[in-house]
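First comes the structure, then the notes that go with it.
The values are calculated or read from the model by the stated rules, or taken from the named source; none is laboratory data. As the structure is a computational prediction, the values presented were derived from the model and not from experiment. All Cβ positions, even for glycine, are placed from backbone atoms using ideal geometry, and neighbour counts span all protein chains on display. Just the protein is used for accessible areas: all its heavy atoms, side chains included, with ligands, DNA and RNA removed. Shrake-Rupley method; radii C 1.70, N 1.55, O 1.52, S 1.80 Å.
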Amino acid sequence: VFNQLQKINTEEEESDSLPSYYYENDYWPNKLAEIKNSMNFSNGVCFAFITDAHFPSNREHSGLMLQEILQKTNVPFVIYGGDTPALFGNENQLDTAIATLIEYMSLVGKNNWYAVRGNHDLYCRTNETPTTVYNKSKAETYNSMVRPVERFVTNMDPSHMCYCIDIPAQKTRFVMLNSSDVDAATGGGNYTTAQLMWLVSALKDL
């Protein structure tokens with residue numbers, strides 16, 4: 001069903017609207033209706049999830065899609081799973097990726113957007129065996145991905161950018177871990193010992 005979303009759009013589209021092919025055979029209206037119908041429950045949490053944006057490598061229509069979903073259904077918020085830039089790129093592309101992330105957040109609304117760091121947020125490298133890695137500072141990363149949700153956080157370790165969001169009405173806790181927070185000796189997509197210790201405390205505090 002998502003093949004239609006992968007079609008190459010040969011028409012010129014307005015930047016503030018979805019491409020016309022989303023509406024062929026009423027695909028997008030039907031998808032919104034399907035989302036509404038799937039929310040016919042009282043016990044449980046509903047949210048939209050997006051991850052691995054890899055800006056600017058994709059067609060970047062997801063922000064408008066998410067905006068419409070939140071405006072036209074009862075989906076209350078978005079969780080973003082990270083990996084904002086493409087893994088391989090240059091400093092300008094990394095800056096573009098961050099600007100696009102902020103644009104998505106604005107489309108959805110800061111009150112409705114919760115981000116977690118993926119395994120390459122916020123940095124990219126030149127190639128498989130890089131001689132240059134473009135890496136944003138810890139402060140820049142925190143400001144872009146975590147600071148907008150500080151006021152909703154019920155438990156946080158700011159130095160490791162991991163946090164919890166609670167929905168008391170549904171007795172639900174979302175635990176956001178940071179897979180870019182690695183020990184120098186391990187690297188990759190692991191987690192620091194300090195962050196895992198925080199996770200233990202967050203799970204005990206239920």
Check: Could you say which residue among Ser137, Ser42, Ser57, Ser62 is closer than 22 Å to Asp181 by Cβ and among the polar types (S, T, N, Q)?
Finding: Ser137
Check: Quick one: is Asp52 within 21 Å of Tyr142 (Cβ to Cβ), out of contact with any strand residue (DSSP E or B) (no Cβ under 9 Å at 6 or more places or on another chain) and in contact (Cβ under 8 Å) with a residue 60 or more places away in the chain?
Finding: yes
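Anything in the stretch 111-148 that is charged (D, E, K, R) and in contact with an Asp or Glu (Cβ under 9 Å, 6 or more places away or on another chain)? List them, or say none.
Arg117, Asp121, Lys136
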Checklist line | Output for the stretch 112-135, where each listed residue is out of contact with any helix residue (DSSP H, G or I) (no Cβ under 7 Å at 6 or more places or on another chain), under 30 Å from Glu68 (Cβ atoms) and of a type outside the set (Val, Ile, Thr) | finding: Gly118, Asn119, His120
Item checked: Selection from the stretch 14-49 of residues that are part of a loop (DSSP other than H, G, I, E, B) and open to solvent by 50 Å² or more (accessible area, probe 1.4 Å) -> Glu14, Ser15, Asp16, Asn40, Phe41, Ser42, Asn43, Phe47
Notebook entry, point to check: Based on what the data block shows, is Glu11 modelled with pLDDT under 95, charged (D, E, K, R) and in contact with a strand residue (DSSP E or B) (Cβ under 7 Å, 6 or more places away or on another chain)?
Noted result: no
Item checked: Of all residues in the stretch 171-187 being under 17 Å from the mean Cα position of the chain (by Cα) and aliphatic (A, V, I, L, M), the one that is surrounded by the fewest Cβ atoms within 10 Å (Cβ to Cβ) -> Val175
